[in-house]
Amino acid sequence: MDKLKMHSPNLTEANIAKLAKLFPSCVTEARDEQGRMKQAIDFDQLRQELSEHIVEGPQERYHLNWPGKREALLAANAPIAKTLRPCREESVSFDTTKNLFIEGDNLEALKLLQETYLGRVKLIYIDPPYNTGREFIYDDDYHESFDDYLDSSGQRDEQGGRLVANTESNGRFHSDWLSMMYPRLRLAKNLLCDDGVIFISIDDHEVDSLRKLCDEVFGGDNFVAQLIWQKVFSPKNSAKWFSEDHDYIIVYAKNKGSWAPNMLPQTEEMIARYKNPDNDPRGPWTSSDLAARNRYDAGLYSIKCPSGRVIDGPPRGSYWRINEENFKKLDDDNRIWWGKDGDNMPRLKRFLSEVKQGRTPQTIWFYSEVGHTQDAKKSLLKYVDFQETENVLNSVKPVELIQRILQLSTSPDGGDIVLDFFSGSASTAHAVLKQNYEDKGSRRFIGVQIPEPLPKPEPGLGSIFEMGARRVKNYAKEVSSEADDQKASSLDLGFRVMKVESSNMREIHYSPDSLSQDLLSENIDNIREGRSSEDLLFQVLLDWGVDLSLPISRQDVDGKTIFFVDGAEKHMALAACFDLDIDEEFVKQLAEYEPLRVVFRDAGFASDSVKINVEQIFAQKSPNTDVKVI
């Protein structure tokens, strides 16, 4: 029996709970005056969360720590002057698809997606570098420019790709890996919706570190499961100690109280257990024992079989699960099975139509259900024709494995967003399209992959990113050719390719004594050379937090090009015109569309008076429109 508190609320505990929701990494454990453990705030960590600089101040406490942790936190919070540039020529169905492939460093990509996809991603699946002593290509430093840092630190190979060795001889072996993962997971958490979930593949090398890291980022209370995936179908006899037959998949919810896995379909074996030997009109059934060992005094009574035989009571040491009155009701309803001759020990009939239509997922996933590594390689080879066998990635995951994750974590008709920011060979994108094809789903994917070169030069393929894009294109072609017209037309088999690039805005830095009238006139236009209107449009979408996958159309009005986002009728999400010599007549025509947002080029107006009058024109014709310039 619980006791009344008999005191006023503990406001300190309430404040700690509020901070825990905002900054779970800042909540730790400490001992009170009686030596009991209690929750406390790690003020050093909180100061770092709220600081743009590295904060010093060690303190003895229970938490995960490593050299470079504060730098990793700073890397997560540091702003970047980057954008996403659209690439139509590498895309499929660019104007209508809702899927995104992003080429670039995933830390930068995750930062760029923060406003647009904040709290909108239903599922994240990642297969990060396993830190096996080989090389991995993510190393983050913001004290010098990105390109300068790669060159000066020797992180570029001959093809210009990023390369960072993290061998076990490196004294920072685990620290470097943690510093790489920490900021990416923090940013990824922001993108998850309240009932979202993240699945992370990992092996024995860093599974313990990953669990501790995720406890800090997502909160230990949001740990869901540590799954075991049987990844090989035959033991490795060459193993020195044990054949490593499995990997792990770590599962954390954004909010465990709001998330639960979907039920899995019943297997044919499970359904086959249900028979109907007595032709019961309620359909197939199976039976269960009516006796149990838990003490139940009302479960001690004799029973008379239809054959006339009397059973004195349940088997010795057990009790009937139900009392005598309920037993008679079940028997009258033909829910008791006495055997064909009516003389057996009674059993309770359970009808297939009345049981839960599904099965609870388990923590061990066998390759017979979700595939193994050889299946994964065969699938990749089916859709990408390699000339160099070394280019077939060893870490590729089976499409069936990711489909299982999709079945557990997404719904077919919810338009759920699935993010993979270690996209690699695009197994996740492939799985999303395949699952949508099988259950007529509307899931969307966002895949992020750094332009890492293939192990060996491959004709027509410059990087792992291009390999993944080709795989998805070829799978989409296969589906389109095999599916009937109606089914194929309802599927989104395309993707928009976006590339992480420097900002479309020019970087202008002059000391006061170097400014002149000529320089001022030269820098009236603030747009970087070589950037198109479509480049500007997507940076506007990012800055404004508008979905990057909304349909885009363009129209010419009075010789000016207008981009319409999410419709070309009234009240579209955004209208943009980046042409020059914009006059009031054109502005009036654009205002007739009553867009929710409209944007112009700052230097695009025919005169200062036009620029001044734009807001007044929209205030009269479309008062709900938000007007901005770049």
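The values are calculated or read from the model by the stated rules, or taken from the named source; none is laboratory data. These numbers were taken from a predicted model, which means no experiment stands behind them. Glycine also receives a Cβ, built like all others from the backbone with ideal geometry; neighbour counts cover every protein chain displayed.
From the list Asp413, Asp375, which residue is in the same structural domain as Ala469 (by TED's automatic domain parsing), part of a helix (DSSP H, G or I) and of a type in the set (D, E, K, R)?
Asp375 is the lone residue from the list that is in the same structural domain as Ala469 (by TED's automatic domain parsing), part of a helix (DSSP H, G or I) and of a type in the set (D, E, K, R).
Of everything in segment 275-321, what is over 15 Å from Asp331 (Cβ atoms) and either exposed (fewer than 10 other Cβ atoms within 10 Å of the Cβ) or without any contact (Cβ under 8 Å) to a residue 24 or more places away in the chain (or both)? Give them in sequence order.
Across segment 275-321, the qualifying residues are Lys275, Asn276, Asn279, Pro281, Asn294, Arg295, Asp297, Leu300, Asp312, Gly313, Arg316, Gly317.
Any chance segment 251-261 includes a residue that's touching a residue at least 40 places away in the same chain (Cβ under 8 Å) and of a type in the set (S, T, N, Q)?
Looking for residues that are touching a residue at least 40 places away in the same chain (Cβ under 8 Å) and of a type in the set (S, T, N, Q), one finds at least one in segment 251-261, hence yes.
Residues checked against (1) of a type in the set (Val, Ile, Thr); (2) in the same structural domain as Lys397 (by TED's automatic domain parsing):
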position: Lys328; (1), (2): no, no
position: Asp333; (1), (2): no, no
position: Gly339; (1), (2): no, no
position: Arg350; (1), (2): no, no
position: Phe366; (1), (2): no, yes
position: Val370; (1), (2): yes, yes
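Is it the case that some residue within segment 472-490 is without any contact (Cβ under 8 Å) to a residue 24 or more places away in the chain and of a type in the set (A, V, I, L, M)?
Yes, because at least one residue in segment 472-490 is without any contact (Cβ under 8 Å) to a residue 24 or more places away in the chain and of a type in the set (A, V, I, L, M).
Taking Lys356, is it within 30 Å of Tyr248 (Cβ to Cβ) and either in contact with a helix residue (DSSP H, G or I) (Cβ under 8 Å, 6 or more places away or on another chain) or of a type outside the set (S, T, N, Q) (or both)?
When the stated conditions are applied, Lys356 passes them.
Restricting attention to segment 322-330, does a residue exist that is among the hydrophobic types (A, V, I, L, M, F, W, C), part of a loop (DSSP other than H, G, I, E, B) and within 49 Å of the chain's Cα centre (by Cα)?
yes
If only one of Val207, Val224, Val251, Val232 is crowded, with 19+ Cβ neighbours inside 10 Å, in the same structural domain as Phe366 (by TED's automatic domain parsing) and not hydroxyl-bearing (Ser, Thr, Tyr), which one is it?
Just a single option satisfies the conditions, and that option is Val251.
Filter segment 179-209 down to the residues that are over 15 Å from Leu118 (Cβ atoms) and either in contact with a Lys or Arg (Cβ under 6 Å, 6 or more places away or on another chain) or of a type in the set (Val, Ile, Thr) (or both) and list them by number.
Within segment 179-209, Val197, Ile198, Ile200, Ile202, Val207 meet the criteria.
Filter segment 13-39 for residues that are within 19 Å of Leu213 (Cα to Cα) and modelled with pLDDT under 80 and give the result.
Hits for segment 13-39 are Thr28, Glu29, Gln39.
Kindly indicate whether any position in segment 273-280 is touching a helix residue (DSSP H, G or I) at 6+ places or on another chain (Cβ under 8 Å), aromatic (Phe, Trp, Tyr) and assigned to a strand (DSSP E or B).
No, there is no match, as no residue in segment 273-280 is touching a helix residue (DSSP H, G or I) at 6+ places or on another chain (Cβ under 8 Å), aromatic (Phe, Trp, Tyr) and assigned to a strand (DSSP E or B).
Please find, within segment 578-597, the residue that is farthest from Val546 (Cα to Cα) out of those that are surrounded by 22 or more Cβ atoms within 10 Å (Cβ to Cβ) and in contact with a helix residue (DSSP H, G or I) (Cβ under 7 Å, 6 or more places away or on another chain).
Step by step, filter segment 578-597, then rank; the result is Ile582.
For segment 233-247, state whether one or more residues are touching a helix residue (DSSP H, G or I) at 6+ places or on another chain (Cβ under 6 Å), in contact (Cβ under 8 Å) with a residue 24 or more places away in the chain and within 30 Å of Ile124 (Cβ to Cβ).
Checked against the condition, which is being touching a helix residue (DSSP H, G or I) at 6+ places or on another chain (Cβ under 6 Å), in contact (Cβ under 8 Å) with a residue 24 or more places away in the chain and within 30 Å of Ile124 (Cβ to Cβ), segment 233-247 yields at least one hit.
Only one of (1) over 30 Å from Asn262 (Cα atoms); (2) within 51 Å of the chain's Cα centre (by Cα); (3) surrounded by 12 or more Cβ atoms within 10 Å (Cβ to Cβ); (4) modelled with pLDDT of 90 or more is not met by Trp338, so which one is it?
(2)
Name, by its number, the condition in (1) in contact with a Gly (Cβ under 6 Å, 6 or more places away or on another chain); (2) part of a helix (DSSP H, G or I); (3) of a type in the set (Gly, Ala, Ser) that does not hold for Ala431.
All conditions are met except number (1).
Conditions first: (1) at pLDDT 95 or above; (2) under 18 Å from Asn99 (Cα atoms); (3) of a type in the set (Lys, Arg). Arg404 passes all but one, so which condition is the exception?
Of everything listed in (1) at pLDDT 95 or above; (2) under 18 Å from Asn99 (Cα atoms); (3) of a type in the set (Lys, Arg), Arg404 misses just condition (2).
Return the only residue of Val448, Val432, Val418, Val500 being of a type in the set (Val, Ile, Thr) and surrounded by fewer than 24 Cβ atoms within 10 Å (Cβ to Cβ).
When all the criteria are applied, what remains is Val500.
Listed residues Tyr296, Tyr301; which is at pLDDT 90 or above, touching a Phe, Trp or Tyr at 6+ places or on another chain (Cβ under 9 Å) and farther than 30 Å from Leu191 by Cβ?
Tyr301
Name the pairs whose Cβ atoms lie under 6 Å apart, with the first residue in segment 526-542 and in the same structural domain as Phe563 (by TED's automatic domain parsing), the second at pLDDT 90 or above and assigned to a helix (DSSP H, G or I), and 6 or more positions between them or separate chains?
Final answer for the pair search is Leu542/Leu112.
I need a count of the residues in segment 378-392 that are surrounded by fewer than 19 Cβ atoms within 10 Å (Cβ to Cβ) and in a loop (DSSP other than H, G, I, E, B).
So the count comes out to 5.
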